[in-house]
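Only the coordinates and a few stated rules stand behind these numbers; no lab work does. Note that this is a predicted model, so its numbers are computed, not measured. Backbone-built Cβ (ideal geometry, glycine too); neighbour counts: all protein chains shown.
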Amino acid sequence: MSIHNLGEIARWHGLNERQTIVDLRDGESGWTAVQLHEGAAALARGLIRRGFRSGERFAIVAENSAEYLVAYLGVMQAGLSVVPINFRLPRDTIDFVLRDSESVGIFTDAACRDLVPPGYPRFALHGEGADSFRSLLAPAGPVGRTPRIAQVLYTSGSTGRPKGVPLSHSGQLWAVGVHTSVGPTPDARSLIVAPLYHMNGLFNVSVALANQAQIVLLPRFDARQYLETAARYQCTHLSGIPTMFAMMAREYDRSDAVQLASVQRITIGSAPLTQALIERVQKMFPNASIRNGYGTTEAGPSIFGDHPNGLARPSLALGYPIPDAECRLTDGPSADEGVLEVRTPALLDGYLNLPQATAERLRDGWYVTGDLMRRDADGFYYFLGRADDMFVCSGENVYPAEVEKMLERHPDVLQAAVVAVPDEIKGHIPIAFVVPANGAALSPSDLKAFSLREGPAYSHPRAFVVVDELPIAGTHKIDKRPLLERAKTLAPALGRNR
C-alpha cells in the first residue's frame, strides 16, 4: 500500500484488528492498529476544525504512552509538523524550543504539565475536559494536505542550545521502507522504552507499526522492570543504548535466561559498544543476535545494514551502507579511515534557523557526522570515536572510546568513561571513571597495570575513580560533563611525572 504521510504508517501493510500497542504507562491497556490509526485520523480532523493549518508546528511534551503515539501520528495526518520535546530539558530550554520551532500548540501530560510555559494552547493527553486530547477527536471533517516536513526533532548537543532538525515525510518513509521490504512480521514483539522525543524511540515505533509487529511500550527505563517485561510479554526485539544493557547486567540473575529465550534480535546503539558488553548481553539473551547500531537524526537515521553479499557482520562492526545511503571517510590517514560523511534520501536540508551550523555540517549535499570511522576490506564500518573528543597526550592522538573499550575488557569492569583534562607537560591526560562488575573490588593500581599491558602506554588513564554508576543524560547516554568537572579537581594532585 502506498502512503505519503508518515502519520499513516500503521496502514503500510494494511490495518488489522490485532492488538498493536500494549501500553504499560498506568497498568496495561491495549490498542489495535485500527484504533491507533482511526484515533490519529479523528485527532487530525479535530485539529483542523480548531483552526490549526497545514505547515504549522505542534509540540508534544510528555512521557511515553499510546496517546502520545496517537498525537504524534495525528498531528502529521492533519498536515502539521510534529515537534517532540525532551521533557528532561530545563524549563527555559523547553521554552526556547517552543519559540524556535514556532509551535502553535502543545500536547502534554500530568507529569510534564508544569514544564510548559503559559501562552500556548495546551491539550492534556489523558483525562477529560474542554482542553483534553479527547475533546479534539472529530468523527468527520476535512483532511489536511501533506507538507514536505513531517517533524522537527531537536538534538541534545552537549553544549549550547538544542538544534532543530526538520525531517521530511518522504525521507522518513524511505528509511522505514528499508526495514520493511521483507513484509509484515506479526509474530514479532518489540519492547520500546526509549523516550518518544528521541529518534531511536520514534523510528523503532515506525518500523514496528509498518511491519505489523506488536509494541510493548514502557514510560521510562528501569533495569529490573525491563527484564521482567521482556520475559512476561515474550518480546522478540529489543533496542537501547549500552548504558541500559550494562544496568540490566547488574540486575540479571541466571534464572532469567530461560524466560528471556524469546528475544531474537537486539540492537545497541547511540554510544560506543564494547565486546565485553556484547558478551554479557549474550549471556542474558542466549538466543539473540546482537547488533552494534548506528544512526544520526540528521541522516534520517538509518545508514548501515547487512552486507549485500551475505557476509557475516563482525560483532563490533556497524554494518554495511544500506541501499541509497552513500558514505565516505574524509580528513583521515587513508580512504578507509576518517570522519564519516553521509548522503541519504532522508537527509535534512539544514538546521532550523541556524545557517552557520548548517554550513558547517552540510557540504555539497553531504552531512559531516563528526564521527571517526574505519572501513575494513569487506566494506564494514567501525566507530572509533568523536572527532571533537580526540585529544593529544605526549604528542599522540588518543580516542576516549578506544580507551573505554580496552578498560571494559577487564573482567571486573562493567562500564568505563574516559575524559581528558589539560596538563602543562603532556598537553592532556586521560582520567577514567569505572563501574565495577558484580560487586568486584577494583584497585586503581591493578587497573593501571592492566591499561599499560593492554593498550599503548601514552593512552593509559593517569587516574582511576571507582563509582557505583555513571551519570546519565536525558537520552540515557552517559553524561560526561559532571565527570569532566570532577576530573579537573583531581588533576592538580597527579604531579608532572605520570
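Distance cut-off 22 Å, Cα to Cα: go down the list LYS405/LYS448; LYS426/LYS477; LYS163/LYS480; LYS283/LYS405; LYS163/LYS405; LYS426/LYS488 and report the pairs above it.
Over 22 Å Cα-Cα: LYS426/LYS477; LYS163/LYS405.
Normalising by the residue count of the stretch 222-295, find the relative contact order in percent from Cα pairs under 8 Å and 6+ residues apart.
Computed value for the stretch 222-295: 35 percent relative contact order.
Answer rounded, prolate or oblate for the stretch 6-220, using the Cα gyration tensor with square roots of eigenvalues a ≥ b ≥ c: rounded when a/c is under 1.5, else prolate when a/b is larger than b/c, else oblate.
Cα axes put the stretch 6-220 in the rounded bin.
Starting at the first residue of the stretch 100-111, write each ³J(HN,Hα) from the Karplus equation 6.51 cos²θ - 1.76 cosθ + 1.60 with θ = phi - 60°, in whole Hz, x for Gly and Pro.
5, 7, 6, 5, 9, x, 9, 9, 8, 10, 4, 5
What is the projected area of the convex hull of the Cα atoms of the chain, averaged over all directions, in nm²?
Average projection, Cα convex hull of the chain: 23.6 nm².
Which residues does the label zone of ALA440 cover in the stretch 285-311, counting backbone N under 20 Å from a point 7 Å along Cα→Cβ?
The answer is 285, whose backbone nitrogens lie closer than 20 Å to the label point.
Residues of the stretch 416-459 with amide nitrogen under 16 Å from the 7 Å Cα-to-Cβ point of ARG409?
Once the point is set 7 Å along Cα→Cβ of ARG409, 416, 447-459 turn out to lie under 16 Å by backbone N, inside the stretch 416-459.
Please state the shape class of the stretch 391-494: rounded when a/c is under 1.5, otherwise prolate if a/b exceeds b/c and oblate if not, all from the C-alpha gyration tensor.
Note, shape of the stretch 391-494 comes out oblate.
Placing unit charges on C-beta atoms (Lys and Arg positive, Asp and Glu negative, everything else neutral), compute the dipole magnitude of the chain about its Cα centre in debye, rounded to 20.
The calculation lands at about 360 debye.
Per-residue HN-Hα couplings for the stretch 239-248, Karplus 6.51 cos²θ - 1.76 cosθ + 1.60 at θ = phi - 60°, whole Hz, x for Gly and Pro?
Coupling constants for the stretch 239-248: 8, x, 10, x, 4, 4, 6, 5, 5, 5 Hz.
Skipping prolines and chain starts, which residues have an amide H placed within reach, meaning under 5 Å, of the one on GLN151, given they are 5 or more residues away or on another chain?
Under 5 Å from the amide H of GLN151 lie the amide H atoms of VAL82, LEU167, each far enough along the sequence or on another chain.
Where does helix 444-454 land angle-wise versus the long Cα axis of the chain, in degrees 0 to 90, nearest 10?
Around 90 degrees separate the two axes.
What is the stretch 198-277 by shape, rounded, prolate or oblate, if you read a ≥ b ≥ c off the alpha carbon gyration tensor as root eigenvalues and call it rounded for a/c under 1.5, prolate for a/b larger than b/c, and oblate otherwise?
Oblate shape, in that a/c is at least 1.5 and b/c is the bigger or equal ratio.
Amide H of THR267 versus every other amide H placed in the peptide plane: which residues, excluding those fewer than 5 positions away on the same chain, fall under 5 Å?
It is LEU238, SER239, GLY240, ARG291, by chain and number.
Enter the angle in degrees (range 0 to 90, nearest 10) between the Cα long axis of helix 199-210 and the first principal axis of the Cα atoms of the chain, meaning the one along which they spread out most.
50
Sticking with the crude label model, points 7 Å out along Cα→Cβ, report the distance from ARG363 to ILE3 in nm, one decimal please.
3.8
Taking the Cα centre of the stretch 181-304 as the origin and placing charges on Cβ (Lys, Arg +1; Asp, Glu -1), which of PRO195, PRO219, MET244 is farthest toward the positive end of the dipole?
In the stretch 181-304, that residue is MET244.
Please arrange ARG375, ARG250 by how many other C-beta atoms lie within 10 Å of their C-beta, fewest to most.
Fewest-to-most ranking of ARG375, ARG250: ARG250, ARG375.
Under the rule of at least 5 residues apart or a separate chain, name every residue whose amide H is placed under 5 Å from the amide H of GLN415.
VAL435
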